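Throughout, read-outs are computed from the coordinates displayed, never taken from laboratory work. Here the structure is a predicted model, which is why all the values come from computation and not from measurement. Backbone-built Cβ (ideal geometry, glycine too); neighbour counts: all protein chains shown.
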Amino acid sequence: MQASDREAALAAMLSAAGWGGAGREDFPGDASTRRYARLRQASETAILMDAPAGAEAPACPPEADEQARAALGYNALARLAGPNLAAFVGLSAALTARGFSAPRVLAAEMTAGYLLIEDLGDDLFARVIPERAHEGALYAAAVDALAAIYRSSFPDTVEAFGAAWRVLDYDAAALQAEADLFLDWYADKRAGAEIPAAARAEWRVIWAEAFKALSAHAPGLALRDYHAENLIWMPQRDGPAKVGLLDFQDALFAHPAYDLVSLIEDARRDVGPMLAIPLVERFFAAAGLRDAMAFDAAYAVLGAQRNAKILGIFVRLAHRDGKRRYLDLLQRVARHFIHDLSHPALAALRGWVKIHVPSVFEEARR
C-alpha cells in the first residue's frame, strides 16, 4: 500500500472512531518496527499503533515445518508475529475477556496497519520503582498476574475485528533459532570468535538435550516479553488487572517459567536475589505447580536460552541498526547468562561456552 493510501486509511479510521481532530504526540522509537503516538482530545487519550505490513519477514504458517520456516526467515523460525495486527487484536480480546489489563482495541485498519488502542497510562514499573511504588509489591503483583494467566484457559485461535490468529507452541525449533543468535551476533561481532561447523553442531545437540527439561510441566500462554518496561502499574484496578500488559503479540504456548525468567532476569534493571528467590517461590505456589527441582531446571534452561538470544539481539541492534546504546546492557545480560549456566542441567553448555566463547565470562565481570 502506498504511503498516501495509508494516510487516507488512517484518517478515515480516526474520523469514524471520533478521533479525527485529536492532537498527536509521537513516542520515541524502540527495538521494533512498530511506531506509537498518543492522541489527545479534551480530557481523553488513546494510543495509535502504526505497524506497516511488509516491515518484517513473514510470520510462521501454522502447518509449516522447520525447513519451510527457515526459508521464510527468522520471524517464521522463531514464531514471531511481526507487524501482523491479527495477533495483537486477537490476543488483546482474549486477555481482556479473562480480566487482564491488555489495552482494548478501539478501532482497527487491518489492511493499512493501524490500531487505535486504550491508553493504559505512563506508569511503567521501571518508571515508578522506587520513587512512587514499592518494588516488592509491584513484582509480587506481576508474579500473581503471570500465575493467573497460566491458570487461565486460552484457545489456540483468537479472533477480533474479523481476523483470526493461531497461537502456536514455543517449540524446539523456535527456541533454537533464538539461541543461535548468540553465535551469529554475539560470538561473531562482539567476541570475535569463529565457531566451526562441528562446534555449532555440538551447540545444537547440547540445547536439544537441555530442552527436554521443559516437558515436566504443562504449557500455558507466554507473552514472551514480560518485564518492567512492558508492565504498567494500575492500582485503581483489582487483582491481576492491576498489571497493565503492553507487549503480547508474539505470545506462544510455553513452559510456565518463560515469562517469569523474563520478569526477573531483566536486561534493563537488576532484581536482587533477596527478591528474586521469593518471587520464584511465589509463582510456583500460585500457579499450582509441582516438582520444584524440575521447575528450577526449566527456569535455568529458559534463562540461558533467553539471555543467549538477548546477547545476540543487542549486538545485532548495535551493529546492524546503529543502536549502540544496547551495548551498555550487555554486562547485565551476560551476568544472567553465566548465572543460568551454573545450574547442573546446563553443565555441558557451560563447558561449551568456556571453550568457544570464553569472553562472555569477562563481559559479565566488566
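3J(HN,Hα) along the stretch 253-261: 8, 8, 4, x, 6, 4, 5, 5, 4 Hz, from the Karplus curve 6.51 cos²θ - 1.76 cosθ + 1.60 with θ = phi - 60°, whole Hz, x for Gly and Pro.
For the residues 225, 270, 50, a GNM of the chain with alpha-carbon springs under 10 Å puts the largest fluctuation on 270. Remark: the stretch 94-102, residue by residue, has Karplus-estimated 3J(HN,Hα) of 5, 5, 5, 4, 9, x, 8, 8, 7 Hz, where x stands for each Gly or Pro and the curve is 6.51 cos²θ - 1.76 cosθ + 1.60 at θ = phi - 60°. The gain in end-to-end length when the residue 275 to residue 15 segment is fully stretched comes to 88.8 nm, 0.36 nm per residue minus the alpha carbon separation. Among the GluC sites (Glu not before Pro) in the stretch 280-366, none is located in a DSSP loop while being surrounded by at most 11 other Cβ atoms within 10 Å of its own Cβ.
Extending 7 Å from the Cα toward the beta-carbon at both residue 166 and residue 293 defines two label points whose distance is 3.9 nm. Among [x] 238; [y] 193; [z] 144, which one is volume of the Cα convex hull per residue in Å³ computed from these coordinates? Working out volume of the Cα convex hull per residue in Å³ from the coordinates points to [z].
Counting other Cβ atoms within 10 Å, which GluC sites (Glu not before Pro) in the stretch 147-248 have at most 11 and lie in a DSSP loop? For GluC sites (Glu not before Pro) across the stretch 147-248 that sit outside H, G, I, E and B with at most 11 neighbouring Cβ atoms in 10 Å, the list reads 194. For the pair residue 53 and residue 24 in one chain, pulling the backbone fully straight at 0.36 nm per residue adds 8.2 nm over the alpha carbon distance. Within a straight-line Cα-Cα reach of under 24 Å, residue 354 can be paired with the following lysines, leaving aside sequence neighbours fewer than 8 residues apart in one chain: 189, 212, 309. Summarising the amide proton neighbourhood of residue 253: residues at separation of 5 or more, or on other chains, whose placed amide H is nearer than 5 Å comprise 168, 169, 170, 222. If R0 is 35 Å, the Cβ-Cβ spacing of residue 342 and residue 35 corresponds to a FRET efficiency of close to 0.30.
Using C-alpha pairs below 8 Å separated by at least 6 residues, the relative contact order for the chain is 16 percent. Please list, in order, the residues from the stretch 174-195 whose amide nitrogen is less than 15 Å from a point placed 7 Å along the Cα→Cβ vector of residue 319. From the stretch 174-195, the list is 180-195.
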